[in-house]
Amino acid sequence: MHKAIKIKTGDITKEKVCAIVNAANSSLMGGGGVDGAIHRAGGHAILDACREIRNSRYPDGLPTGQAVATTAGAMDASYVIHTVGPVFGSCGSACETLLASCYTTSLNVALALGCRDIAFPAISTGIYGYPKEEAARIAYQSVKEFLEEGQKITVYFVFHNESDKTVFEKSIQGV
Ligand code: AR6
C-alpha cells in the first residue's frame, strides 16, 4: 500500500479533509447515493455553485471523467469536487479510462486548490453499476501512479460499509 493512501469506512460527508469527491452525474443537479448525501449535508450553496458552473462552463453538462470544484457548504471539508463516473456497460473498453480519469482529474483539481488531502467514494460502484472489484483496481492503480509521480497529497478511500472496504482491500492485492 502506498503510504499516502488510507482506507476507511464511514460517511464521506463527515470527513475533515480539504476536498471530498462527489460521484455526481453530468447534470450536476444532485441525485441519489453519495451525491444526495453530499447535497443534503452541504446545503443549497453547493447546488447554487453547480448551477453557476453549468451556466458558465458546462451548458451541456459535465462530461464523464471530468471534475469541477464547488464550496462544501455546511460540511467540514473546504471543497466538493464533483466528478462523473462512467455508467458500467455504456462505454466498452473506454469505461476503464474514464473511471481512472475521474480519480486523476479530481486529484489535479484538488492540487490546484492547494489541497493536501482528499477523500474519494467508490465512484460508479453504486447506481452506475461498476463491478466493485474492477473499480477498486482502477481506482487504486490510478491514484498510486499519480502519487508515484511525486505529488504530495494524502488520499482517503472512504467506504460506506465494512464489506465494501474488504472487497477493495482484497481486489488491490498485487496492484
Ligand atoms: N459516504 C461514502 N460512500 C457512500 C455514501 C456516503 N455517504 N453514500 C453512498 N456511498 P453512488 P455512482 C457509496 O450510487 O454509482 C447518483 O444519483 C455507495 O455505497 O452514489 O457513481 C448521482 O447523481 C457506493 O459504493 O454513485 C448519479 O446519477 C458509492 O458510494 C449516480 O448516482 C457510489 O455509489 C452516480 O452513481
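Over the chain, give the accessible area per residue in Å² for a 1.4 Å probe, as an integer. Mind dumping the intermediate values first?
Details: 8020 Å² over 175 residues.
Counting only protein heavy atoms, the per-residue value for the chain is 46 Å².
What accessible surface, in Å², does a 1.4 Å probe find on Phe88, ignoring ligands, DNA and RNA and rounding to the nearest 10?
90 Å²
Quick one: if you stick a label point 7 Å off each Cα along the C-beta vector at Ala112 and Ile127, how many nm between them?
2.6 nm
How would segment 5-171 be classified by its alpha-carbon gyration tensor: rounded, prolate or oblate, with rounded meaning a/c under 1.5 and the a/b versus b/c comparison settling the rest? Can you show the working numbers first?
Details: a/c = 1.35, a/b = 1.20, b/c = 1.13.
Rounded.
Can you spot the lysines whose alpha carbon is less than 20 Å from Lys3's alpha carbon? Ignore those fewer than 8 places along the same chain.
Partners found: Lys16, Lys144, Lys152, Lys165, Lys170.
Carbon and sulfur atoms: what percent of the 1.4 Å accessible area of segment 33-83 do they account for? Could the numbers behind the result be given before it?
Values: 1060 of 2340 Å².
Answer for segment 33-83: carbon and sulfur cover 45 percent of the accessible area.
Would you mind telling me the antiparallel percentage of the DSSP bridges in the chain, rounded to 5? Kindly include the intermediate steps, with their values, before the conclusion.
Values: 5 of 22 bridges.
The answer is about 25 percent antiparallel.
What residues of segment 10-53 lie in the reach of a label at Asp76, counting those whose backbone N is under 16 Å from a point 7 Å from the Cα along Cα→Cβ?
Answer for segment 10-53: 10-21, 38, 41-42.
Full-extension gain between His2 and Met29, please, as 0.36 nm times their residue separation minus the C-alpha to C-alpha distance.
6.3 nm
Per residue, how much space in cubic angstrom lies within the convex hull of the C-alpha atoms of segment 93-175?
Considering the Cα atoms of segment 93-175, their hull volume per residue is 98 Å³.
Suppose R0 equals 22 Å; then what is the FRET efficiency for Ala45 and Lys14 from their Cβ-Cβ distance, rounded to the nearest 0.05?
0.80
Lone cysteines in the chain, defined as no other cysteine's Cβ under 4.7 Å from theirs: which are they?
Cys50, Cys102
Would you kindly derive the ³J(HN,Hα) couplings of segment 61-75 from the backbone phi angles with the Karplus curve 6.51 cos²θ - 1.76 cosθ + 1.60 (θ = phi - 60°), listing them in order in whole Hz, with x for Gly and Pro?
So the Karplus estimates, Gly and Pro as x, are x, 7, x, 4, x, 9, 8, 9, 10, 9, 4, 9, x, 7, 7 Hz.
Enter the accessible area of Thr71 (Å², nearest 10), with the probe set to 1.4 Å and all protein chains included.
My reading of the accessible area for Thr71 is about 60 Å².
Could you tell me which helices of the chain pass both thresholds, a Cα extent of 20 Å or more along their own axis and a mean Kyte-Doolittle hydropathy of at least -0.5, with helices taken as whole DSSP H runs? Can you show the working numbers first?
Details: long enough: 94-112 (26 Å, 1.03); 132-148 (23 Å, -0.66).
Correct list, ordered by number: 94-112.
The values are calculated or read from the model by the stated rules, or taken from the named source; none is laboratory data. This one's a predicted model, so the numbers in the text were calculated from it and none came from an experiment. Using ideal geometry, Cβ is built from the backbone for each residue, glycine included, and neighbour counts are taken over all protein chains shown. Side chains are part of the model used for accessible areas, which takes the heavy atoms of the whole protein and leaves out ligands, DNA and RNA. Shrake-Rupley method; radii C 1.70, N 1.55, O 1.52, S 1.80 Å.
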